[in-house]
Amino acid sequence: MYLVGGRTDGSQPAGSPGFPRITPALLAQGWPGPDGSWLRLVQAGEAAQVERLFGAAGIPLTSDLAAHIDAGDVATTSLQGLVGGPDRLLGLLAEALVAGDPTSVLPGLVTVLVAVERTGELAGALLAAPPSSALAAAAADGVELARVMYAAVTVTNVQAVAVDARARGRGLGTALLRRCAQLHHQLGFYLMYGQFRSDSGLDAYYSRRAFEVLPEGDGIPLARLGLPIRIGADIGERLFLRWRRVPVQLAQ
C-alpha cells in the first residue's frame with residue numbers, strides 16, 4: 001500500500017478535527033490507537049519487527065532503512081520541521097542546496113509509524129518517504145534541481161502499510177494512514193499519494209477513506225505546485241491521492 005500529504009496555512013489538518021498539534025515528544029510518545037493499541041514513531045532497535053511485518057506483506061526493508069531505524073535516527077528532518085514549521089523544512093533544503101548536497105535532506109524525511117500492542121509487540125507499520133523515483137526522473141529530464149527538491153518537502157509517498165495477520169480488521173491500517181496524513185499536513189505537505197495493484201480490489205478501501213483513486217494508467221501532474229513533474233504508477237497498478245488546498249501563487 002502507498003499514499004499522500006499537504007502545506008500549512010493555519011487551518012486544522014484535514015480529516016483530523018480535535019487532534020492535538022504534533023510535537024517531537026508527542027510523535028515519539030504516541031497516541032492511543034484502535035482496540036488498545038498505541039501509535040507512534042518507530043524506536044531504535046525495532047528494525048527486525050518492522051522487517052517482519054513488511055516481509056509478510058511482500059515488501060522488502062532496505063538495509064539502509066533498517067540501519068537508520070536501529071540507530072534511532074528516522075525522520076530527523078521532519079522532527080526539525082515540527083519545531084520550526086514548514087519554513088524550517090524549506091530552510092534546511094536551501095542550506096543543502098547551497099552546500100551542493102541537496103539530497104542530504106531526503107533520508108531525514110523518511111518516516112516509519114508503528115502500531116504497538118499492549119504486549120509491546122508491533123502489530124502494524126507504515127513507511128512514508130519522498131517520491132524518489134519521480135524526483136530522479138525529473139532531474140534526468142533536466143528539471144532545475146531546486147524545483148525537483150521542492151517536491152521532496154511538499155509531496156509524500158506512503159510506500160508501505162502492513163498489519164500483522166492476527167491484528168487485521170481492527171482499523172490499525174486506517175489509523176496509521178490518518179496519523180501520517182496529520183503529520184504531513186502539519187509539516188506543510190500538499191500531496192499524499194500511493195499505489196496498489198489494479199486487481200487487488202483496494203479502490204473501494206481508499207475511496208471510503210477520502211482518497212481519489214485514478215484509473216489504471218493515469219498519473220498525477222504536479223502543475224498545481226508549479227512543478228513540471230508527473231508521478232506515474234507502475235504497470236498493473238493504480239494511484240490513490242489526496243491534495244491539500246494549494247495557494248494560487250504556487251501554480252503561477
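The GluC sites (Glu not before Pro) of segment 95-144 that meet both conditions, a loop assignment by DSSP and at most 14 other Cβ atoms within 10 Å of the site Cβ, are E121, E144.
Suppose each label sits 7 Å from its Cα in the direction of the beta carbon; what would the S133-R118 distance come out to in nanometres? The modelled label-to-label distance comes out at 4.1 nm. Among A47, A99, A28, the largest mean-square fluctuation in a Gaussian network model of the chain (Cα springs under 10 Å) belongs to A99. Across the chain, the longest run free of exposed loop sites, meaning trypsin sites (Lys or Arg not before Pro) lying outside DSSP classes H, G, I, E and B with no more than 10 other Cβ atoms within 10 Å, spans 119-252. For V158, the residues whose modelled amide H falls within less than 5 Å of its own, excluding neighbours fewer than 5 places apart on the same chain, are L3, V4, A129, Y193. Shape analysis of the chain yields a ratio of the Cα radius of gyration to the Kirkwood radius, Rg/Rh, of 0.94. Spacing of the modelled spin labels on V98 and R147, each 7 Å from Cα toward Cβ, amounts to 2.3 nm.
Add -39500 (n - 2.57) for each DSSP H run of 4 or more in the chain, then divide by its residues: what number comes out at 222 nm, to the nearest 500 deg cm²/dmol?
Calculated mean residue ellipticity at 222 nm is -9500 deg cm²/dmol.
Highest mean first, the peptides 57-63, 29-35 sorted by other C-beta atoms within 10 Å per residue fall in the order 29-35, 57-63.
Bear in mind these aren't lab numbers, they're just calculated from the coordinates by the rules spelled out. Being a predicted model, the structure only gives us computed values, none of them experimental. Using ideal geometry, Cβ is built from the backbone for each residue, glycine included, and neighbour counts are taken over all protein chains shown.
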